[in-house]
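The values are calculated or read from the model by the stated rules, or taken from the named source; none is laboratory data. In this text the structure is predicted, and so the values were computed from the model without any measurement. Please note: Cβ atoms are built from the backbone with ideal geometry, for glycine as well, and neighbour counts cover all protein chains shown.
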Amino acid sequence: MKEFELESLSENIHFGKTKTYFREVLTSYQNGCYRSATVMLWSVAICDIIYKLQNLVDQYEDGVARKILDTVKSVQLNDPKSSSWELQILDDVYSKTNLIDSSEYENLRYLQKQRHLSAHPVLKENLELYKPNKETVRSLIRNTLEGVLIKPPFYTQKVTQEFLEDLDESKDALNTFDKLKKYIESRYLERLSPELELSIFRTLWKLIFKLDDEKCSENRYVNLKALRVIGTRNKALLNDLISGDPDYFNNISSNGEPIEALVFFLSLYPDIYQLLGEGSKLKIQHAVESTDVGKTCGWFVNGDLNQHFLSLVEWIEGDSHPVFSDNQWAYVLELSDSDEWEQCFCKLVSAYYCASKNFDTADLRFSQVISPNLKYFNVASAIYLLEKIETNSQVCNRSRAYSDHPKVKKSFDRVLGADFDYSPYRRFNETSRLEEEE
């Protein structure tokens, strides 16, 4: 990590006093004073831990933090010259709180050893003082910044509550997945251990997929976005988490928004579906068969996207006449990044357009799903659309067809070739030529 990157990272230090003290560390490092930088870095790290413990006492009345601080004060009173309390506070914070995890603890222990070698006249064989190299000090600084200094003093029992309250207050501003992801990662997740992230995941699961009171309903979709972020960050750990507590994760709602939200979530994490019990699977399968969300997102039940495509076409062209939102179409397109699925998507929007029951619906659907997606069509899907158009007079006989279909032909000429014979598609051919003749 280059020096300017260390400076940038140091701007995220949580406490102002720590940030002020850290400038001395960075100045020493930049001037090549690596012993001084190491000694000061250890002092800054210990001071920052004390500030965090005191914050837990002041803000949350944390009894564990208070006891650790009282022990330190007692040791200092009994032996003011001793520095043994520094390692003791590190051990206590690691074993009794969630301020640091095992890797951060080991990094700090290594920092303490380097500090000891740098601060005391430990002479090497050639009678020179020990001097850590630049790469070692840079690594110590980076690890201490990321593992301690930039992390806020979260109280374990309160972090989930604070997280949920923040989402509730900020949900209007966090109105896209990308905004929410950036927000909660920078504010919370990058400073939490995987164990705490999974603890939040566990709580969110119940709030989203089981409970249906007013507050849960109001925050279901911002919470769902947060669950997706945490799930993606900890994907390798989810299987063990869920299979390790089947009673908790199978306690899901049978209907309404909770089960629909679960179907959507499982469509993004299909491996989790296989971990659920048979009772949960029956609830999910019923939602897939009976709800719009389920029919749109339930491909994971049989795991076959080709079958899902056929089911969607049957649903679109059936008697229920579903109306898709822009978000639904965006979801369907992103189900797979394969070329094969892209062409399935083109055929789906073609079926949707050509299932229009009146002129107004056809006008709307052309603007919504055909015009913006013409760039995706290949030969097979283009011919599919042309064939579908021939089957519905509501698509061909509307007045706007004479301005819409020439746009299709212009795009398809690039795909099918300028000499392609449109005469077998009489209705399309008529509507696509009239504007040219005029």
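Here are a few things to note about the model shown:
- Residues (more than 22 Å from S381 (Cα to Cα), polar (S, T, N, Q) and surrounded by 14 or more Cβ atoms within 10 Å (Cβ to Cβ)) located in region 270-322: S280, Q285, T291
- Filtering region 323-339 to residues that are of a type outside the set (G, A, S) and either surrounded by 11 or more Cβ atoms within 10 Å (Cβ to Cβ) or part of a loop (DSSP other than H, G, I, E, B) (or both) leaves V323, F324, Q328, W329, Y331, V332, L333, E334, L335, D337.
- Looking across G294, G303, one residue alone is at positive phi and either among the small types (G, A, S) or touching a strand residue (DSSP E or B) at 6+ places or on another chain (Cβ under 7 Å) (or both). It is G303.
- Subset of region 140-188 [over 20 Å from L6 (Cα atoms) and modelled with pLDDT under 90]: P153, F154, Y155, T156, Q157, K158, V159, T160, Q161, E162, Y188
- Of the criteria (1) under 17 Å from F177 (Cβ atoms); (2) without any contact (Cβ under 8 Å) to a residue 40 or more places away in the chain, which one I230 fails: (2)
- When S217, S267 are checked against the criterion of being surrounded by fewer than 19 Cβ atoms within 10 Å (Cβ to Cβ), assigned to a helix (DSSP H, G or I) and among the polar types (S, T, N, Q), a single residue qualifies: S217.
- Residue in region 420-432 that is buried (at least 16 other Cβ atoms within 10 Å of the Cβ), touching a Pro at 6+ places or on another chain (Cβ under 6 Å), farther than 18 Å from T361 by Cβ and of a type outside the set (D, E, K, R) present: yes
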